[in-house]
Amino acid sequence: MKEKTTYFLLFIFLIPFLVISQNLPKDTIYGNIKRIREKVIFLTEKENPQLLYYTDYGHSGFMGPKSTISRFFNTWYSSNLCYYLNYERQFDKKGRIIKDVWFGKKDDFMDSYRYLYDEKNRLISTIDSSAHSTDTENHYFKEYGETVDENIIYENLELNIFSHNYKKYKKGIVMVRKNFDENGKIDEYINHYNKSGKLEYTIYKNPNSWKKLEGNSWGYGVQDSIGVTYKSLINEYDESDRLIKTQIFDLYSDDKHEKPIQTSQSSYVYEGNNLITKINSSKGYGRLTYANYRYDSSSKLLESYCCEENISNSKIIKKYTYNGDKIIKLTYSEESFETKKMVKNKISFSYKYDKNNNWIEIIKTVDGKDLYKWKRDIEYYQ
């Protein structure tokens with residue numbers, strides 16, 4: 001029987017969701033992996049427009065492994081476009097990532113990351129080296145029975161940047177988090193959980209507050225040593241412990257500048273264990289937005305609809321077809337900004353596999369034309 005390991009590329013670095021049942025299937029990889037080399041090749045001159053400006057990784061530039069991989073994976077399987085990816089990743093015999101090297105389109109060096117772990121498999125050091133500077137992030141742990149303190153020190157000596165974050169764990173759950181800036185300002189978050197261990201609410205000790213200045217103007221910042229303490233996040237769960245509502249609160253530039261107000265809210269509707277509707281509202285946007293999901297009998301995502309309550313008025317529609325746990329087709333429809341009519345793209349994904357049944361090449365075909373190739377070279381421990 002082949003050993004199956006959740007792919008660290010996705011397991012560690014994808015941003016987690018509070019509600020995960022509407023997610024696309026995660027990638028998996030078989031065997032004891034030593035090295036992975038991944039790169040996207042554009043097969044025609046057609047590219048994602050965002051990649052034509054500033055850097056190979058778009059308007060924002062290269063944002064690090066976590067954000068880049070998450071953004072690429074979502075764009076690859078959820079649109080007719082393609083984000084960029086070009087890196088090599090090395091693993092130790094325990095399956096832990098020990099090194100990343102990231103490249104541009106011409107395989108020019110961009111960033112290198114080294115990861116160090118302690119005897120309990122905890123990440124204790126990350127060294128980020130680019131052509132221009134080096135960042136270090138070191139994690140220091142102290143244990144007191146069921147309680148663990150973690151101090152995280154980030155430094156960039158060339159840019160004279162320093163930050164200090166602190167976390168307190170109890171039985172592996174984050175109870176307190178503090179962020180210290182270079183001026184001594186402290187943002188403190190205290191988490192409270194229900195009997196099932198689900199996050200119920202977070203108390204934020206905000207060092208900032210509003211202060212009336214001359215005339216009708218107001219200033220926001222550290223006014224004294226007290227600040228303002230309030231619940232910044234409140235979660236509600238149903239009798240099955242499913243998250244049904246999240247509310248976010250913050251100090252906001254309203255008319256009175258007196259107390260925290262609700263700045264956003266998300267509500268969740270389920271059918272069985274699957275999330276079928278997510279409803280979002282935020283201060284300043286002016287209306288509710290909806291995301292609706294449909295699944296097959298094994299809870300794989302079949303269809304998603306954005307952003308209206310009635311799916312017949314949706315602006316973006318995605319429909320998936322699978323072969324086992326692999327997506328092989330996507331029908332992507334989006335309302336045209338100019339004509340206000342829906343434009344449909346038919347997308348297919350074709351796979352090649354190695355002898356360990358790991359895919360090593362995926363070609364993304366849009367409306368009958370091969371546009372993008374995602375290549376993966378895998379080296380195994382013997």
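Of THR246, THR339, how do they rank once you tally other Cβ atoms within 10 Å and put the fewest first?
In increasing order of surrounding Cβ atoms, one gets THR339, THR246.
Can you list the HN-Hα couplings for region 203-208, worked out from phi with the Karplus curve (6.51, -1.76, 1.60; θ = phi - 60°), rounded to whole Hz and with x for Gly and Pro?
9, 10, 8, 7, x, 9
For region 141-202, what is the charge dipole size about the Cα centre, in debye to the nearest 20, if Lys and Arg each add +1 at the Cβ and Asp and Glu each add -1 at the Cβ? Intermediate values should be presented prior to the final figure.
Values: 10 positive and 11 negative charges, 99 e Å.
Using Cβ point charges on Lys, Arg, Asp and Glu, region 141-202 gives about 480 debye.
Which of the cysteines found in the chain have nothing to pair with, since no other Cys Cβ lies under 4.7 Å from theirs?
CYS82
Using Cα centres only, tell me the gap between region 113-163 and region 299-327 in whole Å.
Result: 40 Å between the Cα centres.
Provide, for region 269-335, the number of lysine pairs with alpha carbons under 12 Å apart, each pair being eight or more places apart or on different chains.
Values: LYS300/LYS319; LYS300/LYS326; LYS318/LYS329; LYS319/LYS329.
Count of close lysine pairs: 4.
Output the relative contact order of region 216-329, whole-number percent, from Cα pairs under 8 angstrom with separation of 6+ residues.
Details: 179 pairs, mean separation 13.0, N = 114.
Worked out over region 216-329, it gives 11 percent.
Once fully extended, how much extra length lies between ASP367 and LYS355, figured as 0.36 nm per residue of separation less the alpha-carbon to alpha-carbon distance? Working shown, then result.
Numbers: separation 12, 0.36 × 12 = 4.32 nm, distance 3.07 nm.
Extra length from ASP367 to LYS355 when fully extended: 1.3 nm.
What FRET efficiency do you get for LYS34 and GLN262 if R0 is 56 Å and r is their Cβ-Cβ distance, rounded to the nearest 0.05? Could the numbers behind the result be given before it?
Working: r = 50 Å, r/R0 = 0.89.
Efficiency for this residue pair is about 0.65.
Where the only charges are on Cβ atoms (+1 Lys, Arg; -1 Asp, Glu), what is the dipole of the chain about its Cα centre, to the nearest 20 debye? Intermediate results must be reported in sequence, preceding the final value.
Working: 59 positive and 53 negative charges, 240 e Å.
With Lys and Arg at +1 and Asp and Glu at -1, about 1160 debye.
Grab the other residues whose beta carbon is less than 9 angstrom from that of GLU155, score K and R as +1, D and E as -1, and report the net.
-2
Extending each Cα 7 Å along its Cβ direction at ASN138 and ILE161, get the distance between those two points in nm, one decimal.
Reported label-point gap for ASN138 and ILE161 is 1.9 nm.
Report, ordered by chain and residue number, the lysines lying within cross-link reach of LYS212, taken as a straight Cα distance under 22 Å and ignoring same-chain residues fewer than 8 apart.
Correct list for LYS212: LYS185, LYS256, LYS259.
Could you please report the charge total around LYS66, scoring K, R as +1 and D, E as -1 over all other residues with beta-carbon less than 13 angstrom from its beta-carbon?
Working: positive: ARG71, ARG89; negative: ASP100, ASP111, ASP128, GLU137.
After counting each charged neighbour, the total is -2.
Under a point spin-label approximation (7 Å from Cα along Cα-to-Cβ), what is the ASP250-LYS195 distance to one decimal in nm?
With each label point 7 Å from Cα toward Cβ, the separation is 3.5 nm.
Could you work out how far apart the two model spin labels at LYS205 and ASP224 are, taking each label as a point 7 Å from the Cα in the direction of the beta carbon, and quote it in nm?
Once both label points are built, they end up 1.6 nm from each other.
Say R0 is 45 Å: what FRET efficiency, to the nearest 0.05, do GLU303 and THR147 get from their beta-carbon distance? Mind dumping the intermediate values first?
On the way: r = 45 Å, r/R0 = 1.01.
So, using R0 = 45 Å, E works out to roughly 0.50.
Give the relative contact order (percent, whole number) for the chain; include only Cα pairs under 8 Å separated by 6+ residues.
Details: 795 pairs, mean separation 48.4, N = 382.
Dividing the mean separation by the residue count of the chain yields 13 percent.
Mean residue ellipticity at 222 nm from the helices of the chain, using -39,500 (n - 2.57) per DSSP H segment of n ≥ 4 over the full residue count, to the nearest 500 deg cm²/dmol? Please list the in-between numbers first.
Details: 2 runs with 18 residues, N = 382.
Result for the chain, helices only: -1500 deg cm²/dmol.
Which one of SER125, GLY221, CYS307 has its Cα pushed farthest toward the positive end of the charge dipole of the chain, where Lys and Arg give +1 and Asp and Glu give -1 at the Cβ?
The listed residue farthest towards the positive side: CYS307.
Pairs of alpha-carbon atoms within less than 8 angstrom and 6+ residues apart define the contacts here; what relative contact order does region 144-289 have, in percent?
That works out to 11 percent.
What is the calculated FRET efficiency for ASN323 to LEU213, with r their C-beta to C-beta distance and R₀ = 56 Å, to the nearest 0.05?
0.30
Rule-based calculations on the coordinates, nothing more; no lab input. Computed from a predicted model, the values in this text were never measured in an experiment. Quick reminder, even Gly has a Cβ in these numbers, built from the backbone with ideal geometry, and neighbours come from all protein chains shown.
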